[in-house]
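J.: What follows is a single structure, and I will ask about it in a moment.
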Amino acid sequence: MKILNYTATAVLIVLIFYLLIIGKDLLLPLVIATALWYLIITLGNAFAHIRIGTFSFPRRLCVLASFLTFIALIWMIVNFLSSTVDDVLEIAPVYQENLTTRLENLSFFDVSQFEGQSFGQLISGWINIPSYAASIASSLTSVLASGGLILIYLGFLFLEQGHFSKKISSLVANEEKEENVSKIIARIRDDIQKYITIKVFTSSLTGLLSFTFLSIMDVDFAGVWGLIIFLLNFIPTVGSIIATIFPALIALAQSDGYTLFFAVLGGIGVVQLCIGNILEPRLMGSSFNLSPIVILLNLALWGYIWEIPGMFLCVPFLIIVTIILSHFPQTRSIAIILSSDGRLRVPIDKTIAPF
């Protein structure tokens, strides 16, 4: 019987991931709309806590202000990128050629050959600036093309949000189990809210400091790199590495020597190190307790399933899955494997039986 259960579970997992891959065009806008809905509600709650004496703003007005704030931010970002993307794509081949030439001129690689190719030619195959720029532009265009569908989903989520608790009550039909489900949902809400709040703060600080530094160093498209660094810092581990290396490579491609390259590499590296390895862990604490190797594997998995958008969503997905698994005795062992040190915030006597 256990073998049959394990087999059925494995088949179900494979089927779910297969549906996620083939249903990307339909499911991804829904997930993005859900994320935006959650962010709007979170910001709306923050606005609701603003008080002027004894006066507080109505909740609906706060949610509307939050929605308009997000629309304005998205419009500003899209407008900024649309005004610079053509320039970036136009100059990307020039950067690629300069970068290849600069790497080929490194004296200690002059005599090295890799399968008949010089070091610069080999690196140009790995680091293809025009290809990466086109890929990022394509991903942004794809998300924007789904903007209408995302707004439709977002509208229905706002219409449905008042009925969520009623649906849970009808679905569970048991007061004790309904309380347990409410606790799980509250825990997921609190953890996701804490994660997003901290990441927005640290990523904004990283992007702002990086933009300031790159502007001082006169690196081309400092504003674009500041925005990209802000976004990349939402991708765990890999994002901060890319956000450090690529501005340095652009500095190498646009300059005649190597001074600007090492200055940018060191400057952005120090910013990433101070914020990502000192400030952010202090703010996060041990709240999430996720294994670094599991985060990397999860990043690779969601990157394969939903590409760049999946990389941004991978950590919230992992937090949700770990919280849910930790509340059930049958799946608690999986949550322990996903954790960093094996300690879960849900005691074994607080786990709940399956519905």
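Read the figures in this text as sums done on the coordinates, not as results from a lab. Since we're looking at a predicted model, the values are computed, not measured. Ideal geometry is used to build each Cβ from the backbone, glycine not excepted, and the neighbour counts take in all protein chains shown.
J.: Below 8 Å between Cα atoms, with a sequence gap of 6+, how large is the relative contact order for the chain in percent? Don't jump to the answer; show the numbers that get you there.
T.: Details: 288 pairs, mean separation 51.4, N = 355.
Computed value for the chain: 14 percent relative contact order.
J.: I want to make sure I understand the PRE zone here: with the label point 7 angstrom from the Cα of Leu208 toward its beta carbon, which residues in region 261-284 have backbone N atoms less than 15 Å away?
T.: The answer is 275.
J.: Given a Förster distance of 22 Å, report the FRET efficiency between Ile50 and Thr197 from their Cβ-Cβ distance, rounded to the nearest 0.05.
T.: Values: r = 16 Å, r/R0 = 0.74.
My answer for the efficiency is 0.85.
J.: In whole angstrom, how far apart do the alpha carbon centroids of region 9-76 and region 188-242 sit?
T.: The two parts, judged by their Cα centres, are 20 Å apart.
J.: For the chain, what is the calculated [θ] at 222 nm in deg cm²/dmol (nearest 500), taking -39500 (n - 2.57) for each run of four or more DSSP H residues and dividing by its residue count?
T.: Values: 14 runs with 273 residues, N = 355.
Value at 222 nm, helices only: -26500 deg cm²/dmol.
J.: Once you place label points 7 Å from the Cα toward the Cβ at Leu151 and Arg189, how far apart are they in nm?
T.: 2.8 nm
J.: Which of Trp75, Trp225 comes first, and how do the rest follow, when ranked by fewest Cβ neighbours within 10 Å?
T.: Placing the least packed residue first, the sequence is Trp75, Trp225.
J.: While we're looking at this one, here's another question. Subtracting the Cα-Cα distance from 0.36 nm times the residue separation, let me have the gained length for Ile3 to Asp256 in nm, one decimal.
T.: Result for the pair: 84.6 nm of gain on full extension.
J.: With no solvent and one point on each alpha carbon, what is the Debye value of log10 I(q)/I(0) for region 152-241 at q = 0.25 Å⁻¹?
T.: With no solvent term, the Cα-only Debye profile gives -1.14.
J.: Let me ask something additional. Order of Phe230, Phe262 from fewest to most other C-beta atoms within 10 Å?
T.: So the ranking, lowest neighbour count to highest, is Phe262, Phe230.
J.: Also: Which of the three applies to the chain, rounded, prolate or oblate, going by the alpha-carbon gyration tensor with a ≥ b ≥ c and a/c under 1.5 meaning rounded?
T.: Verdict is prolate for the chain.
J.: Starting at the first residue of region 36-48, write each ³J(HN,Hα) from the Karplus equation 6.51 cos²θ - 1.76 cosθ + 1.60 with θ = phi - 60°, in whole Hz, x for Gly and Pro.
T.: Running phi through 6.51 cos²θ - 1.76 cosθ + 1.60 with θ = phi - 60° gives 5, 4, 5, 5, 5, 5, 4, 5, x, 5, 5, 4, 5 Hz.
J.: Determine, for the chain, the count of lysine pairs separated by eight or more sequence positions (or lying on different chains) whose alpha-carbon distance falls under 27 Å.
T.: 18
J.: What does the C-alpha gyration tensor say about the overall shape of region 1-86? Classify as rounded when a/c is under 1.5, otherwise prolate if a/b is larger than b/c, or oblate.
T.: oblate
J.: Follow-up. Along the Cα→Cβ direction, 7 angstrom out, place labels at Arg332 and Leu144. What is the inter-label distance in nm?
T.: Placing both labels 7 Å beyond Cα along the Cβ direction yields 5.1 nm.
J.: Same structure, new question: What nm distance separates the two modelled labels at Leu89 and Ile278, each placed 7 Å from Cα along Cα→Cβ?
T.: Result for the modelled spin labels: 4.1 nm.
J.: Once you have the Kirkwood Rh of region 232-336 from its Cα pairs, apply Stokes-Einstein at 25 °C and 0.890 mPa s and quote D in µm²/s.
T.: Here the translational diffusion coefficient equals 156 µm²/s.
J.: Taking R0 as 22 Å, what's the FRET efficiency between Glu176 and Ile324 from their Cβ-Cβ distance, rounded to 0.05?
T.: 0.80
J.: Between Thr69 and Ile136, what is the FRET efficiency for a Förster distance of 22 Å, r being their Cβ-Cβ separation, to the nearest 0.05?
T.: Working: r = 25 Å, r/R0 = 1.14.
Working from the Cβ atoms, E equals 0.30.
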